[in-house]
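This report concerns only the one structure given below.
Read the figures in this text as sums done on the coordinates, not as results from a lab. Since this is a predicted model, take the numbers as computed values, not measurements. Please note: Cβ atoms are built from the backbone with ideal geometry, for glycine as well, and neighbour counts cover all protein chains shown.
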Amino acid sequence: MNGKIALEEHWESPDFPATGSHNFTDDGYFSAVQKRLQEFEKRIEDMDKNGIQTSILSLTQPGIEGITDPDRAVKLAKQMNDHAAEFFVSKHPDRFKAFAAVPLQDPEEAAKELERAVNELGFVGALVNGYSNIGDENTAQYLDEPQVRPFWEKAAQLQVPVYLHPRIPLPNQQRIYEGYEGLLGSAWGFGVETATHAIRLILSGLFDEYPDLTVILGHLGEGLPFTLPRVEHRLRHQRPETHGNHQKSAD
């Protein structure tokens with residue numbers, strides 16, 4: 001199969017260690033990963049070997065979402081999007097496209113940066129690494145919360161997709177992983193965290209408000225195609241007030 005389009009193709013700038021802390025990952029493996037995140041020539045070789053025509057690049061997790069200071073998040077999102085445009089997309093515009101990094105610590109600014117990235121840099125949407133930290137690492141803002149609506153309104157207006165990418169659970173919600181820290185990331189915790197986040201979006205009424213909005217889930221839909229029938233069935237028999245603020249999407 002040739003001509004494939006690959007999503008979730010991550011990158012990292014030497015100026016910003018977007019991967020944060022990965023103390024549960026083998027050091028030798030992770031150092032090699034970080035090296036690959038910062039280059040592009042080897043990507044073209046691998047794309048050619050595997051029949052990939054286009055890679056949609058995105059800043060790796062937790063990225064901008066892990067920054068606790070909103071002002072710094074706004075500044076770095078712009079800097080990282082400019083870096084992706086200059087050092088990746090512009091060098092191989094026929095092979096690389098990009099999802100924007102957005103500073104959701106300030107949803108109004110996130111909407112502005114998404115619009116700039118799409119209209120000025122030619123990006124094809126946004127990738128959001130789960131919840132956004134605000135103030136400290138244990139304070140999360142989720143995408144279904146009312147204050148985030150300006151960002152969703154802009155995504156719907158621009159008619160671009162938003163890729164919901166995983167990140168590990170909040171530090172104060174990791175008790176069940178103690179002694180099994182290897183499960184925190186892509187082995188298990190990523191999927192559980194992201195699937196729960198996606199269900200929140202569904203129950204929030206977001207897709208009733210913006211019916212043409214496109215949200216992308218990776219990794220076989222984070223397992224939701226296999227579990228949604230049970231989720232939907234059981235919610236029908238639970239008190240409506242436990243479903244979040246809106247139930248129309250689940251009823």
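Counting only DSSP H runs of at least 4 residues, each contributing -39500 (n - 2.57), and dividing by the residue count of the chain, the helix-based mean residue ellipticity at 222 nm comes to -11000 deg cm²/dmol.
Cα-based values for region 68-217, radius of gyration first and Dmax second, are 15.8, 47 Å. Applying the criteria of a DSSP loop state and at most 15 other Cβ atoms within 10 Å to the trypsin sites (Lys or Arg not before Pro) of region 1-99 yields LYS91.
Across region 187-200, rounded Karplus estimates of 3J(HN,Hα) from the backbone phi angles (6.51 cos²θ - 1.76 cosθ + 1.60, θ = phi - 60°) give 5, 7, x, 3, x, 4, 4, 6, 4, 5, 4, 5, 5, 4 Hz, Gly and Pro being marked x. Cross-link pairs exceeding 28 Å between alpha carbons, from the set LYS49/LYS154; LYS91/LYS112; LYS35/LYS112; LYS75/LYS154; LYS49/LYS97: LYS49/LYS154; LYS35/LYS112.
Of the two radii for the chain, the radius of gyration is 0.96 times the Kirkwood radius, both from the alpha carbons; that is the Rg over Rh value.
In percent, rounded to a whole number, the relative contact order of the chain is 15, using alpha-carbon pairs under 8 Å and six or more apart. What's the angle, to the nearest 10 degrees (0 to 90), between helix 224-235's Cα axis and the longest principal axis of the chain? Between helix and principal axis, roughly 20 degrees. Ranking GLY191, VAL33, LEU114 by Cα position along the charge dipole of the chain, where only Lys, Arg, Asp and Glu carry charges on their C-beta atoms, puts GLY191 farthest toward the positive end.
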